[in-house]
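Below is one structure; the comments refer to it alone.
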Amino acid sequence: MTEIPQAWCNALPELGFDLPPDLPSPRAARSEITMNVPVSLVRQEMSSKTWIPIPDEVVGRYAQWRPTPLRRAREFEQALGTRSRVYYKYEGGNLSGSHKLNTAVAQAYYYRRAGAIRLTAGTGAGQWGTAVAAACAMFGLECRVYMVRASHEAKPYRKVIMEMLGAEVVPSPSGETEIGRGARQDGSDPGGTLALALGEALEDTSEEGTFFCTGSGETYSLLHQTVTGIEAREQLAELGDRPGVVVASFGGGSNFGGLILPFLAAEDGDGSSTRYVAAESAACPKLTRGRYAYDFTDATGLAPLQKMYTLGHEYAPPGIHAGGLRYHGAAKLISALYDRELVEAVAFPQRTVFESALTFARTEGLVPAPESAHAIHAAVVEAQRADKAGERVSILVGLSGHGLFDMSAYESFLAGTMVDAVAADEEIERGLASLPAQPVAA
């Protein structure tokens, strides 16, 4: 495949259902902070068209690294001793090192057209912050990134590359915002959370021309990520294959959604069935152990309420090396798919995940990001399941980014100091207790 997709795939018209509507936040009326999303992005969320053209300027930027490779993991298969075929779609070969740049470029383009001078963003492991910094550099925008403090300390070179790209990087919780100062005084989670970092970035939009952008849960960000699934479908078709299972890591949903939605939209009812499996962390199991409810998307509670699978916006996950998987909620589109049992979810502790990642690195010559390693381990589980059943399946893995900035995580695993942090029942109960009052059905 040599051509770059010229349109994003909007799966909703093909799926035949509407998403639960967003609801006004009860806190927003008491604040001057607003989430000013460009009308063009709102229209994309509301569109009834299956294909939404990608602007030429965005396609031109995509051409710097797209199309991305789809590879058969033959050496990995041999190491596993499986009869199944394992393919991986590699999204780490760009400046940001992950899939996040697909939507960051699109959003920077639309925000600039809407009059933006400066973008703010919250980031967990640093992939989204790096992508926003890169996109802002492309389109001449200023950038400030609030990075979860635990990741800021564990991944210093993420900070360096963001600063190389012209961004200002602030560890969260910080002293720069009211919500950050409050969290520091409280002291309950000094390492920070993604919800808190997002809240700080949203609060820091008081200057004229400053806009907050988010890269995971919003439906338009999943839309922009569908370039991954579109390419993967065509590449597999060229090989004369189709996946029996598609697996991807799950933090907020953009990586998983971007890979699976073009496949879901193209299902033709011919009797074939592809399974879609989201691999999340056992430390933050919003799909497998969360509740389907309306919740805040960040710690400020100023953005509209969305119906999602959530552990509660005040849930503070234990520290793990896959910082991008520590978000408390799931994208509303993926949540609706999961509620309708159109997709599946599994949760893994991190030591088994890193064991599979190490095997993959040694056999395939790529170091997976800790987030991507969850998908790799899910592929191992699926291959073993097929072998036990005497079946041979094609497994498509979303390898969302490289782990070259995550050597402290691999060092911890190799040294034997890594622990399996699993969400405690009482912590989940405490997080769910923070859910806002739910709307009464009409």
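FYI, it's all coordinate maths here, none of it is from the lab. Just so it is clear, the model here is predicted, and its values are computed rather than measured. Because the Cβ atoms are built from the backbone with ideal geometry, glycine has one as well, and the counts that use them run over all protein chains shown.
Key figures for this structure:
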{"read-out": "Packing-based exposure ordering (other Cβ within 10 Å, fewest first) of THR68, THR352, THR2, THR417", "value": "THR2, THR417, THR352, THR68"}
{"read-out": "Centroid-to-centroid separation of the stretch 367-440 and the stretch 305-333 [C-alpha atoms, Å]", "value": "13 Å"}
{"read-out": "Net length gained if the chain between ALA79 and GLU207 were fully extended (0.36 nm per residue, minus Cα distance)", "value": "40.6 nm"}
{"read-out": "P(r) tail fraction, the stretch 66-219 - alpha-carbon pairs more than 27 Å apart, %", "value": "30 percent"}
{"read-out": "Taking MET162, MET138, MET46, MET407 and counting other C-beta atoms within 10 Å, the order from fewest to most", "value": "MET46, MET407, MET138, MET162"}
{"read-out": "Neighbourhood charge, 11 Å Cβ-Cβ cut-off, centred on LYS286 and excluding it, Lys, Arg +1 and Asp, Glu -1", "value": "+1"}
{"read-out": "19 Å cut-off, amide nitrogen to a point 7 angstrom out along GLU355 Cα→Cβ, residues in the stretch 403-429", "value": "409-423"}
{"read-out": "Linear extension gain, VAL160 paired with ILE117, 0.36 nm per residue minus alpha-carbon span", "value": "13.2 nm"}
{"read-out": "Gain on full stretching of the segment that runs from ALA266 to GLU178 - 0.36 nm per residue minus C-alpha separation", "value": "27.0 nm"}
{"read-out": "Debye log10 I(q)/I(0) for the chain, one point scatterer per Cα, at q = 0.06 Å⁻¹", "value": "-0.22"}
{"read-out": "Residue-count net charge about GLN107 - beta-carbon cut-off 11 Å; Lys, Arg +1, Asp, Glu -1", "value": "+2"}
{"read-out": "Mean residue ellipticity (222 nm) of the chain, computed from DSSP H runs ≥ 4 via -39,500 (n - 2.57), nearest 500", "value": "-12000 deg cm²/dmol"}
{"read-out": "Spin-label pair ASP18/LEU342, simplified geometry with 7 Å Cα→Cβ offset, distance in nm", "value": "1.6 nm"}
{"read-out": "Listed peptides 125-136, 304-315, 322-333 by packing density, highest first (mean Cβ within 10 Å)", "value": "125-136, 322-333, 304-315"}
{"read-out": "Unit charges on C-beta of K, R, D, E only; dipole of the chain, Debye", "value": "520 debye"}
{"read-out": "Separation of the MET407 and THR288 label points, Cα + 7 Å toward Cβ, nm", "value": "3.1 nm"}
{"read-out": "Mean Cα-pair separation over length for the chain, i.e. relative contact order, pairs under 8 Å, 6 or more apart, %", "value": "20 percent"}
